Amino acid sequence: MATLYVLRGPDKGLIFDLPDDATLIGRYADRLKLTDDSISRRHAEVRRENGGWFIRDLHSSNGTYHNGHRVFEPTRLQHGDEIKVGATILVFGGQDSVAAVSGPHRIRDLVDIDIASQPGDAAILSSIASSEESVILQTPETREQVVAWHVVYRIAEVIGTIPRIENFLERVADILFDHLVVDRMVVLSLHRATGELTPELVRYRTKRKGKRPKIHTSRTIINYVIESGAGVLCANAMTDRRFTGMSKQDSIHQLALRSVLCVPIVLQEEVVGVMHLDTSMSQHAYTQEQLRLVTAVGRMIGLAMENARLIESRMKNERLAATGETVARLSHEIRNILQGLRSGADVVEMGLKQDKLDLIRSGWKIVKRGMERAVVLATNMLSYSKQREPRIQLVQLAAVVEDAVRLMRDRAAEKSVMILKELEEMAPVPADAYGLQQAIGNILMNAVDAVQPGMGCVTIRTRYDAEHEEARISITDNGPGITTDELSHIFEPFVSTKGQAGTGLGLAVARKVVEEHQGRIQVESVPHEGATFHVILPTHREGLPDSEKTHGAAR
């Protein structure tokens, strides 16, 4: 005998036997009387005809739904089908349910992805008014369409904003758990060459603490989804013969009465994974509309994976391009240094042959200059490319400046450039003495190179800004200044206004070192009058004992 089992609603747990003739469903029915106020007095009818069972709506206020679709004509019932009347869900049990397992293959749960709504929904919603017949409910289609819109919109918002796919999957899980009834969710990635499935995300909805139970997914269903590229809805997986042909030890038999959604993750029309959601049918039963939604989410996950792949590819190409550009520039700079060394060596060799000391000294100056350029290039390359944490100690700023000026004295003397110092006495400041000396030296070298030989003057000043609790180092030259266009690029690596004389790394390294000190560099320039670089450093640093922190300039 066929039966109807009340899965959800005020009469949950009741089982009604269906006779061979017509059976009325409603609040005023004789055989199948329900107490749900949202059901009409004469809501629907189940009738046996031509060896099969059919459900027919009797013009009820809230409608009758078969597996999530509104019934407008008599609809054939199969074992495990859901019938929704008002707020009550019934499960149909056919008398031929045992024979159905060995009968013809049937995939009732395989659904197309047509998102067109049923005709007439809007008219029904706008024309039916509340009456004593029953409580008017929002149709499942309308409610699910609103939920689907929210899910798709929220996922679309985060595509492209979360570069790591694992973080994106976690966000998708958050959204789905917020809007759908989901007990468990698993995302598996597929290795196409080996067919191996790897869990990328596992999510539970549980208040239980401690060790989480293992999630059982059906390889049978997953294989079908991968091979067909279509999503599957199983209202009761045990009754679908396509998924019961394997051993009884298959995990599908452990699902019991669970509603299951399993959809493909598609990347460029290729299945690269699956998403599996399930919930207890005592809590909820998924609908075809929800299958369409989750199938669309699988497509969106594939889109996010493609976006992440393109970003990674672009970054890789950019890194390769940057590496190639760096190698090319370094090769050019090293070649210039070697040419200078060769020229100096030729002059030294000529002086030795002619036994002329002045010629030897002249050649040695060229060699020495080339060696200095090589040391500067190597030092700046290491400083720019290596991530390092500065070794912060309290240092006398005047001493650091004096060391930088001393190293630049010979270079300035060769050009007959004057270096003036105006160093204010102040308390020690927290800094990495070696790194700060390199930064000041690079800026000072640029200033010396920028001025005219015999007419140039570079002034370096230090002062304490009590208002902002900052130490300032200002380096001013009387050179040609920096144009507005050049100002926006001077701190970029390998950008130099010196032609063959510059490496393009000095200012880039100086800014990097200053930023490592949590400081900043400001530039002022007046065409034909010169430029000033301000190195601004905080005089307080976290991690130093209070007794060692600078509280102001020494009186």
Which numbered condition in (1) surrounded by 15 or more Cβ atoms within 10 Å (Cβ to Cβ); (2) under 29 Å from residue 263 (Cα atoms); (3) modelled with pLDDT of 90 or more is the only one that residue 87 fails?
(3)
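Table: residues versus (1) touching a His at 6+ places or on another chain (Cβ under 8 Å); (2) open to solvent by 40 Å² or more (accessible area, probe 1.4 Å); (3) of a type outside the set (Val, Ile, Thr); (4) modelled with pLDDT of 90 or more.
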{"residue": "38", "(1), (2), (3), (4)": "no, no, yes, no"}
{"residue": "47", "(1), (2), (3), (4)": "no, yes, yes, yes"}
{"residue": "53", "(1), (2), (3), (4)": "no, no, yes, yes"}
{"residue": "57", "(1), (2), (3), (4)": "yes, no, yes, yes"}
{"residue": "71", "(1), (2), (3), (4)": "no, no, no, yes"}
Given (1) open to solvent by 30 Å² or more (accessible area, probe 1.4 Å); (2) at pLDDT 85 or above; (3) within 23 Å of residue 409 (Cβ to Cβ), number of the condition residue 518 does not satisfy:
(3)
All conditions in (1) modelled with pLDDT under 90; (2) open to solvent by less than 50 Å² (accessible area, probe 1.4 Å); (3) touching a strand residue (DSSP E or B) at 6+ places or on another chain (Cβ under 6 Å); (4) under 14 Å from residue 3 (Cβ atoms) are true of residue 80 except (3)
Here the qualifying pairs (Cβ atoms under 6 Å; residues six or more apart or on different chains; first in segment 517-533 and small (Gly, Ala, Ser); second open to solvent by less than 20 Å² (accessible area, probe 1.4 Å) and not in a strand (DSSP E or B)) come out as 530/479
Those residues that are open to solvent by 60 Å² or more (accessible area, probe 1.4 Å) and among the charged types (D, E, K, R), I need them from segment 175-193; list them, please.
178, 192
Residue list for segment 470-490, restricted to those being over 39 Å from the mean Cα position of the chain (by Cα) and of a type in the set (D, E, K, R):
472, 477
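Mind listing whichever residues of segment 422-432 are more than 39 Å from the chain's Cα centre (by Cα) and either under 28 Å from residue 389 (Cβ atoms) or free of Cβ contacts under 8 Å to residues at least 40 places away in the same chain (or both)? Full working, then the answer.
To start, the set of residues in segment 422-432 that are more than 39 Å from the chain's Cα centre (by Cα) comprises 422-429.
Of everything in segment 422-432, those that are more than 39 Å from the chain's Cα centre (by Cα) and either under 28 Å from residue 389 (Cβ atoms) or free of Cβ contacts under 8 Å to residues at least 40 places away in the same chain (or both) turn out to be 423, 426, 427, 428, 429.
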With the condition kept exactly as written, say whether any residue in segment 61-69 is open to solvent by 40 Å² or more (accessible area, probe 1.4 Å) and in a loop (DSSP other than H, G, I, E, B).
no
Is there any pair linking a residue in segment 359-374 that is without any contact (Cβ under 8 Å) to a residue 60 or more places away in the chain and under 12 Å from residue 348 (Cβ atoms) to one that is assigned to a helix (DSSP H, G or I) and open to solvent by 90 Å² or more (accessible area, probe 1.4 Å), with Cβ under 7 Å and at least six apart or on different chains, and which?
359/350; 360/352
Of the residues 196, 144, 157, 132, which is at pLDDT below 55 and either farther than 25 Å from residue 82 by Cβ or open to solvent by less than 50 Å² (accessible area, probe 1.4 Å) (or both)?
132
Pairs please, first residue from segment 11-34 and in contact (Cβ under 8 Å) with a residue 24 or more places away in the chain and in a loop (DSSP other than H, G, I, E, B), second anywhere and loosely packed, with under 12 Cβ neighbours inside 10 Å and of a type outside the set (D, E, K, R), Cβ atoms under 8 Å, 6+ apart in sequence or on different chains.
11/35; 27/35
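Can you confirm whether residue 446 is at negative phi and over 48 Å from the mean Cα position of the chain (by Cα)? Working first, answer last.
Working: at negative phi: yes; over 48 Å from the mean Cα position of the chain (by Cα): no.
So residue 446 fails the test.
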Suppose the filter is at pLDDT 85 or above, open to solvent by 70 Å² or more (accessible area, probe 1.4 Å) and in a strand (DSSP E or B); does residue 524 pass it?
yes
Within segment 1-26, which residues are open to solvent by less than 30 Å² (accessible area, probe 1.4 Å), within 50 Å of the chain's Cα centre (by Cα) and among the hydrophobic types (A, V, I, L, M, F, W, C)?
4, 6, 7
Would it be correct to say that residue 488 is at pLDDT below 85, touching a Leu at 6+ places or on another chain (Cβ under 9 Å) and open to solvent by 40 Å² or more (accessible area, probe 1.4 Å)?
no
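The values are calculated or read from the model by the stated rules, or taken from the named source; none is laboratory data. Keep in mind that what you see is a predicted model, and the values were worked out from it rather than measured. Please note: Cβ atoms are built from the backbone with ideal geometry, for glycine as well, and neighbour counts cover all protein chains shown. Surface accessibility is based on the protein's heavy atoms, side chains included, excluding ligands, DNA and RNA. Shrake-Rupley method; radii C 1.70, N 1.55, O 1.52, S 1.80 Å.
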